[in-house]
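Beneath this line is the structure, given in structure tokens, with notes to follow.
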Number of protein chains: 2
Amino acid sequence: MDAEEFRRVGHEVVDWIADYRARVEEFPVRSRVEPGWVRGQLDGLSEAGGDFAGLLADLERVVLPGTTHWQHPGFYAYFPSNASLPSVLGDLLSSGLGVQGMLWSTSPAATEVEQHLMDELVGAMGLPERFLGGGVIQDTASSAALVALLAALHRASGGKWRQSGVDGAETVYVSSQTHSSIERAARMAGLGEQAVRSIPVDPATSAMDAGALAARLKADVEAGRRPVLVCATIGTTGTGAVDPVREVAALCAEHGAWLHVDAAWAGPAALCPEFRPLFDGVGLADSFTANAHKWMLTAFDLSLFWTAHPDVLVDALTILPEYLRNTATESGAVVDYRDWQIPLGRRFRALKLWSVLRWYGLEGVRAHLRRHVELAALLESWVGADEGWELAAPRTLSLVTLAHRDGDGATRAAMERVNASGDAFVTHTTVNGRFAVRVAIGAEGTREHHVRALWEALRGEE
Amino acid sequence: MDAEEFRRVGHEVVDWIADYRARVEEFPVRSRVEPGWVRGQLDGLSEAGGDFAGLLADLERVVLPGTTHWQHPGFYAYFPSNASLPSVLGDLLSSGLGVQGMLWSTSPAATEVEQHLMDELVGAMGLPERFLGGGVIQDTASSAALVALLAALHRASGGKWRQSGVDGAETVYVSSQTHSSIERAARMAGLGEQAVRSIPVDPATSAMDAGALAARLKADVEAGRRPVLVCATIGTTGTGAVDPVREVAALCAEHGAWLHVDAAWAGPAALCPEFRPLFDGVGLADSFTANAHKWMLTAFDLSLFWTAHPDVLVDALTILPEYLRNTATESGAVVDYRDWQIPLGRRFRALKLWSVLRWYGLEGVRAHLRRHVELAALLESWVGADEGWELAAPRTLSLVTLAHRDGDGATRAAMERVNASGDAFVTHTTVNGRFAVRVAIGAEGTREHHVRALWEALRGEE
């Protein structure tokens, strides 16, 4: 495909996406296909090349029916993942440039635009100055958690981990509501599930019980275990619970454990001063993560990660074979982000974040966040005034967790009815054993009439 | 940005990329900026939103001078990373759809198109049938290696690894020429560098010495170590060496070790029957990886990974918190690719691979591979006929490693002269301690006149 063909076909692809986004509400949010249907529609690989028209036809015929429409305004499941159109174009520019930024020297702009944006966001989000120079883009919060754990293991070993590995006494602390990625990271790091302590939560708030954490740390240390990392969450996946970060930080300091703060979903809210109280204590964290690809208008995948100890991270993960040696690296004047992540190679992901920040401006991003919080507060008020439904957990920001007073059967039936309608898609959690519907308001196009329709559908009003 | 604005701005972005690709040869291949120059040109974040014209202007003014042009026909460094224009559009479609395919149910087509392509490629690449149903797209070969190692650890422990972690007796085998990602994976998995055995290579071919591997395995087992994984490479990064996979496989079988075959660069060549002899024994591998984003026309990042034991991999990595439970998963009728990778979330990466396979067809991809191999053979013939230069290692496919007979100083000076010219970019390696230039022919636009110009520049002819 030469440049002129690309121009012609590229315009068609852009138009196809524009049309798709304009008609996204015409589709059922959740795909209705059966397992195997999509594969059954696909042809084998062809010897001869073809044209893009055939591919676009297959997108219509096969892919769209097999798609769960994450950009639909009725998507309230999991956490919505904004792929705003400016970010789509930023990512297109990244693919178009086609650079691979593993080293500073393999494309200086890929590294320096990222450094610049990560440092600027420290100020914009009210994060501590100790994060300056410690920011990097990861693909996901799962990878960010793994990277944090590896740095923590290296530090806790006094720098012996890289050579000697783990010794089986390392211990990691989460709450029962912490995202599963931390337990998975402990597994991947060779600690096994035996190393993970699940600390109970306050039943009223689902936040980690700091007293229970203190007791468990003490008991473990007395038993010869070595506390390596505690993960505190600001905005849990289940209900949006906020762990007592400041108290947890004091316990981490006492025991020399790394404090990782996971704000994968709620993190972008730190851009709004009125939501900053949720982030109390975050300045004490050793690392912090927030996903731009959830609630910050940036197409998946882009997770913001900061650490106050980039030197530890780099020392843990660096390796320099002959074929990667270069003058810039040896000068010590540059950052090579390959040492900050699991993979070696990396896309120029900063371009899609830059596109978002420039198109919307900070005010535009804040307006997007505030709209969803306002809509969630509205839904909360309707639930509070209803005889059949009640909150199953306190609302945090734009996440409302609710349950029917008639019990789990009624709640589940309402959820299934809504999801079958095609107008909305919600998922569930359990709160103190009770089945509850999560309404995560966060799709870019969601407006009051969508939330009102969801509420009416949950209540059984057609 | 609404659909109509996206249409207008999107066309501008497509045109900008078309123009960039049309003029890519006007830029010096390797960026000439000094550390810090790019950051010094950037403004702080703005409160107000803006337009895309300002971003495109900054791309021209700041990003392009700070870019090392991986899509330039004179890019012979590392391994080139094709970002063909059809793959760019496939990736654009993925961002435009904006789905997140962690579970089958979160977008069935994202999973099933991937399963389909991975199974079809098993046939097209002559891979063993035992890989059918075991294919998945990873971001990079580094992540693929880590995933393979985690599955191997789980298997070697009899399924206890997930709970108990590693015990320090696990041992991993590489050659001295194996990519650094394997040693790094061992570190990340908690084994430490102490667990990695670097097996010597045959000085003539740089291939792993199977006899030395056998001796080391035997000695380790006698010393109470547990061989967990051997990585054999088809096409090493330094010189393109090919390890004796069949012999290594027999040793793995004898010791119950997992055989991971890393063909990150050379793997796509398996599409051409005449190159299949390089892949002898690959049918015995437990896992195999080949990067579509290096030599298979697919924009970074897309690494093809197959394992004969997807059940082991899933058992090692699966985790199912309440908020991810769903009917399709519980039916057992679907694959949830989140269990096959390090992160939880995932892009619809298969779209960019599908775009490549449909636009070029298998014949088109083969023509692309064969052109580079022919150009490398031509360069090899010129080197062979020259009085000043010689091959530093046997050519493999499209990788030529050469050195000046006058010694390292002359070789390095020629490399630096070429790189400073801006017309080409090559990197280096060492072969038995000798400094050598690597010419990795693989950019989509590279033609004979480019390679001839490189050769003349290396020889000092302007």
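The values are calculated or read from the model by the stated rules, or taken from the named source; none is laboratory data. From a predicted model like this one, the values you see are computed outputs, not experimental measurements. Here the Cβ positions follow ideal geometry from the backbone for every residue, glycine too, while neighbour counts run over all protein chains shown. These accessible areas exclude ligands, DNA and RNA; they are computed on the full protein's heavy atoms, side chains included. Shrake-Rupley method; radii C 1.70, N 1.55, O 1.52, S 1.80 Å.
Details
- Inter-centroid distance (Cα atoms) of the stretch B:30-47 relative to the stretch A:180-209, Å: 41 Å
- Portion, in percent, of the accessible area of the stretch B:260-369 that falls on carbon or sulfur, probe 1.4 Å: 56 percent
- Among B:Trp354, B:Ala109, B:Gly433 - extreme Cα towards positive end, dipole of chain B, charges at beta-carbon: B:Gly433
- Relative compactness, chain B, computed as alpha-carbon Rg over 2.2 N^0.38 Å: 1.03
- Distances between equivalent label points of B:Thr327 across the copies, with each point positioned 7 Å along Cα→Cβ, amount to 6.4 nm, shortest listed first.
- Heavy-atom surface of chain A, accessible at 1.4 Å and reported per residue (Å²): 30 Å²
- Cross-link pairs B:Lys218/B:Lys294; A:Lys160/B:Lys352; B:Lys160/B:Lys294; B:Lys160/B:Lys218; A:Lys160/A:Lys352; A:Lys160/A:Lys294 - those with Cα-Cα distance over 31 Å: B:Lys218/B:Lys294; A:Lys160/B:Lys352; B:Lys160/B:Lys294; A:Lys160/A:Lys352; A:Lys160/A:Lys294
- Coil-residue GluC sites (Glu not before Pro) of the stretch B:317-408, DSSP, other Cβ within 10 Å capped at 11: B:Glu387
- Loop-located trypsin sites (Lys or Arg not before Pro) in the stretch B:365-411 whose Cβ has at most 11 other Cβ within 10 Å (DSSP): B:Arg405
- Chain pair A, B: total accessible area buried, heavy atoms, 1.4 Å probe, Å²: 12900 Å²
- The residues neighbouring B:Arg405, those whose beta-carbon lies less than 15 Å from its own, together hold a net charge of -2 under the Lys/Arg +1, Asp/Glu -1 convention.
- Chain B Cβ-axis minimum, rotational copy A, residue and distance in Å: B:Gly190, 1
- Area accessible to solvent at B:Lys160, 1.4 Å probe radius, in Å²: 130 Å²
- Note, ³J(HN,Hα) from phi for the stretch B:431-437, Karplus 6.51, -1.76, 1.60, rounded to Hz, x at Gly and Pro: 10, 6, x, 9, 6, 9, 8
- Applying the Karplus relation 6.51 cos²θ - 1.76 cosθ + 1.60 with θ = phi - 60° to the stretch A:100-111 yields 3J(HN,Hα) values of 10, x, 4, 10, 3, 5, 7, 3, x, 5, 4, 6 Hz, where x marks Gly and Pro.
- Per-residue 3J(HN,Hα) values for the stretch A:194-208, derived from phi via the Karplus relation 6.51 cos²θ - 1.76 cosθ + 1.60 with θ = phi - 60°, read 4, 7, 9, 9, 9, 7, x, 10, 5, x, 6, 10, 6, 8, 4 Hz in sequence order (x marks Gly and Pro).
- Summary for B:Glu274: label point 7 Å along Cα→Cβ; distances to the equivalent points in the other copies, ascending, 7.0 nm.
- Antiparallel %, DSSP beta bridges [both residues in the stretch A:99-347], to 5: 40 percent
- Accessible area in the full protein assembly, largest first, 1.4 Å probe, for B:Asp423, A:Asp336: B:Asp423, A:Asp336
- Rounded Å value of the spacing that divides the Cα centres of the stretch A:300-366 and the stretch B:109-151: 27 Å
- Label-point spacing at B:Ala253 relative to the other copies reads 6.1 nm, in ascending order, each point sitting 7 Å out from Cα along Cα→Cβ.
- Modelled spin-label separation between A:Asp311 and B:Leu320, with each label point placed 7 Å from Cα along the Cα-to-Cβ direction: 4.7 nm.
- Other-chain or far-sequence residues with amide H under 5 Å of B:Ser107's (modelled H): A:Thr68
- Estimated 222 nm signal from helices in chain A, with DSSP H stretches of n ≥ 4 weighted -39500 (n - 2.57), rounded to 500: -13000 deg cm²/dmol
- Projecting the Cα atoms of B:Thr318, B:Thr171, B:Ala266 onto the dipole axis of the stretch B:99-347, where Lys and Arg carry +1 and Asp and Glu carry -1 at the beta carbon, places B:Thr171 farthest toward the positive end.
- The accessible area of B:Arg347, taken with all protein chains in place and a 1.4 Å probe, comes to roughly 20 Å².
- The stretch A:361-458: translational diffusion in µm²/s, Stokes-Einstein, Kirkwood Rh over Cα pairs, 4 °C, 1.567 mPa s: 95 µm²/s
- The stretch A:86-116 residues near the modelled B:Glu12 label - backbone nitrogen below 17 Å, point 7 Å along Cα→Cβ: A:86-94
- Qualifying GluC sites (Glu not before Pro) in the stretch B:1-96, where qualification requires a DSSP coil assignment and no more than 11 other C-beta atoms within 10 Å, comprise B:Glu47.
- The share of C-alpha pairs in the stretch A:17-97 whose separation exceeds 14 Å stands at 72 percent.
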